[in-house]
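What follows draws every value from the coordinates through simple rules; no lab data is involved. Computed from a predicted model, the values in this text were never measured in an experiment.
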Amino acid sequence: MTDSGTSEGSSAEADDDPERPPRYEQVIRWAEYIKEQPAEVWRPQQNAVVNGQIESARPVDVSAEEKQRIREFARAEVDEAVDSDTGGGE
């Protein structure tokens with residue numbers, strides 16, 4: 001699988017590009033953002049990213065069972081994030 005932000009080279013090479021911050025910095029920024037913003041703000045943004053990734057992956061040959069497993073995993077992750085955001089998981 002290739003890095004969605006690059007068209008050539010490995011994703012490790014892409015992270016060495018001085019014009020692009022390393023992925024972990026982007027992840028840290030996103031984590032800080034979702035901690036500061038209510039879920040109603042960041043959830044639609046995250047959904048757009050995930051839906052885009054799903055659309056990009058559609059041409060890949062994945063079984064119905066694997067798709068279901070991925071959906072269940074995604075739902076569990078979202079539920080956990082919402083519980084964490086609302087304090088419901090404590």
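The translational diffusion coefficient of the stretch 13-86, from Stokes-Einstein at 4 °C and 1.567 mPa s with a Kirkwood hydrodynamic radius over alpha carbon pairs, comes to 89 µm²/s.
How much length, in nm to one decimal, is gained on full extension between residue 36 and residue 53, taken as 0.36 nm per residue of separation minus their Cα-Cα distance?
Values: separation 17, 0.36 × 17 = 6.12 nm, distance 2.47 nm.
So the chain would gain 3.7 nm between residue 36 and residue 53.
Shown in residue order for the stretch 71-79 are the 3J(HN,Hα) couplings computed by the Karplus curve 6.51 cos²θ - 1.76 cosθ + 1.60 at θ = phi - 60°: 4, 5, 4, 4, 4, 4, 5, 5, 4 Hz (x for Gly and Pro).
Suppose the chain between residue 81 and residue 25 were pulled fully straight at 0.36 nm per residue; how much longer would it get relative to their current alpha carbon spacing? It would help to have the intermediate numbers written out before the result.
Values: separation 56, 0.36 × 56 = 20.16 nm, distance 2.00 nm.
The span from residue 81 to residue 25 would gain 18.2 nm if fully extended.
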